[in-house]
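The values are calculated or read from the model by the stated rules, or taken from the named source; none is laboratory data. All values reported here derive from a predicted model rather than from experimental measurement. FYI the Cβ positions are ideal-geometry reconstructions off the backbone, even for glycines, and counts take in every protein chain you see. Just the protein is used for accessible areas: all its heavy atoms, side chains included, with ligands, DNA and RNA removed. Shrake-Rupley method; radii C 1.70, N 1.55, O 1.52, S 1.80 Å.
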Amino acid sequence: MFSLLILPGDGIGPEVMTEVKRVISWFQDKRGLKINIEEGLVGGASYDKHGIPLTEEMLRKALEVDAVLLGAVGGPDYDNLRFDLKPERALLKLRKELDLFANIRPAQCFDALASFSSLKKDIVSGLDIVIVRELTSGIYFGEPRGIHTDGSNERIGINTQRYTESEIRRVAISAFELALKRSKKLCSMEKANVMESGVLWRDVVNEVHADYKEVELSHMYADNGAMQLVRDPKQFDVIVTDNLFGDILSDCAAMLTGSLGMLPSASLGNKKVNGLPRAMYEPVHGSAPDITGQSKANPIACILSFSMALRYSFSDLKNADLLERCIEKVLAKGYRTPDLMMGDNGQLCSTTEMTDKILEELEAI
Ligand code: NAD
């Protein structure tokens with residue numbers, strides 16, 4: 001029996017999470033999925049009840065369970081709160097306390113949505129790649145940092161790219177493990193041509209490769225990687241890169257697929273005693289205050305986040321594949337939430353109706 005903590009959060013978070021819970025119930029009832037679910041407050045919802053965005057009790061639960069599934073946090077009601085009380089602080093605290101160092105972002109282009117991409121249809125159609133971004137170190141955390149004034153009163157902005165071997169090794173291991181579960185192809189991106197941290201990155205990734213000989217490893221400079229991602233993204237399967245390059249490359253890859261309402265993500269940490277990695281799954285989108293309460297939210301990003309939990313936390317590839325196949329079929333039949341409507345193509349669905357269609361497909365299998 002696996003355990004999952006559901007944190008719906010704010011804005012459209014609870015709306016899309018209601019739909020995910022319907023999908024989970026289906027898998028429990030019809031496919032014998034054994035998950036024990038707990039639910040809690042996070043972000044603004046937690047602030048409203050407890051005066052803080054994440055309580056110690058909720059953090060303790062997040063540390064105990066096999067996986068956390070989070071909706072979204074934030075919204076205009078909380079914009080003027082003190083920095084440490086803002087809903088987004090809950091996310092940062094969860095990532096830090098769970099030590100979620102590997103951020104996994106798939107960029108998968110469902111054929112039916114290929115015309116949404118800013119690239120030509122044949123370049124993105126059928127695209128299915130994953131970027132593994134190091135999340136807890138590198139230039140966003142390295143010291144020294146800050147803005148200083150030198151002797152001649154000139155201001156100097158400083159950030160430091162710093163990686164230890166063990167930080168590189170652990171994210172490389174996550175990426176190789178992921179590659180093993182997919183098509184056994186990994187491309188590591190850095191700038192070893194101009195950065196010592198990149199030289200070390202390449203060395204350590206090569207060392208880790210010795211334990212994963214069945215994976216085909218290649219290296220690419222990150223600037224070339226950016227170009228290749230828009231030139232011919234299907235040449236990649238799994239990409240591993242550092243925090244800064246990963247931030248940029250994963251946003252770039254996200255746009256290959258079209259809508260924000262379609263993008264899931266996972267953040268993985270070290271293995272716990274039971275052998276499962278600590279993990280948090282969440283859609284890439286935020287709380288979307290502009291459409292909250294209007295039944296317009298696309299639930300697919302959050303449903304796909306659950307599918308990632310099936311795949312990466314519960315090693316239930318069969319059910320993950322099944323769910324993704326059904327979503328693909330629903331899109332192929334033309335059902336669309338408003339964010340996916342283009343001209344008059346497609347049949348407009350509310351948040352709940354989109355899930356109804358996915359459940360119908362699951363039933364039909
Ligand atoms: P957003 O992702 O909430 O919305 C951007 C645009 O995409 C909006 O027009 C929204 O309507 C649309 N959109 C987002 N998700 C959608 C979905 N599932 N279906 C259909 N349309 C969708 O980003 P934002 O507007 O910059 O931020 C709003 C709030 O969310 C802010 O408070 C921000 O801090 C927070 N935020 C939270 C997270 C998170 O919880 N991980 C991430 C980003 C932003």
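State whether one or more residues within region 41-48 are within 30 Å of R82 (Cβ to Cβ), within 16 Å of the ligand (Cβ to nearest atom) and of a type in the set (S, T, Y). Yes, because at least one residue in region 41-48 is within 30 Å of R82 (Cβ to Cβ), within 16 Å of the ligand (Cβ to nearest atom) and of a type in the set (S, T, Y). Residue count for region 285-303, restricted to those that are open to solvent by 10 Å² or more (accessible area, probe 1.4 Å) and touching a Pro at 6+ places or on another chain (Cβ under 7 Å): 2. In summary, G269 fulfils each of the numbered conditions (1) more than 16 Å from the ligand (Cβ to nearest atom); (2) closer than 28 Å to S166 by Cα; (3) open to solvent by 10 Å² or more (accessible area, probe 1.4 Å); (4) not charged (D, E, K, R) with the single exception of condition (3). Beta carbons closer than 8 Å, at least 6 apart along the sequence or on distinct chains, pair a first residue in region 284-295 that is under 19 Å from P87 (Cα atoms) with a second that is open to solvent by 40 Å² or more (accessible area, probe 1.4 Å) and near the ligand (Cβ under 6 Å from one of its atoms) for V284/L260; H285/L260. The residue that is surrounded by the fewest Cβ atoms within 10 Å (Cβ to Cβ), among those in region 162-192 that are touching a strand residue (DSSP E or B) at 6+ places or on another chain (Cβ under 6 Å) and more than 19 Å from D211 (Cβ to Cβ), is R162.
Which ones in region 191-222 are among the aromatic types (F, W, Y) and under 20 Å from E177 (Cβ atoms)? Break it down stepwise before answering.
The initial filter retains those residues of region 191-222 that are among the aromatic types (F, W, Y), namely 201, 212, 221.
W201, Y212, listed by residue number.
Are any of the residues in region 257-264 assigned to a helix (DSSP H, G or I), buried (at least 18 other Cβ atoms within 10 Å of the Cβ), within 15 Å of the ligand (Cβ to nearest atom) and within 12 Å of the chain's Cα centre (by Cα)? Among the residues of region 257-264, at least one is assigned to a helix (DSSP H, G or I), buried (at least 18 other Cβ atoms within 10 Å of the Cβ), within 15 Å of the ligand (Cβ to nearest atom) and within 12 Å of the chain's Cα centre (by Cα), which makes the answer yes.
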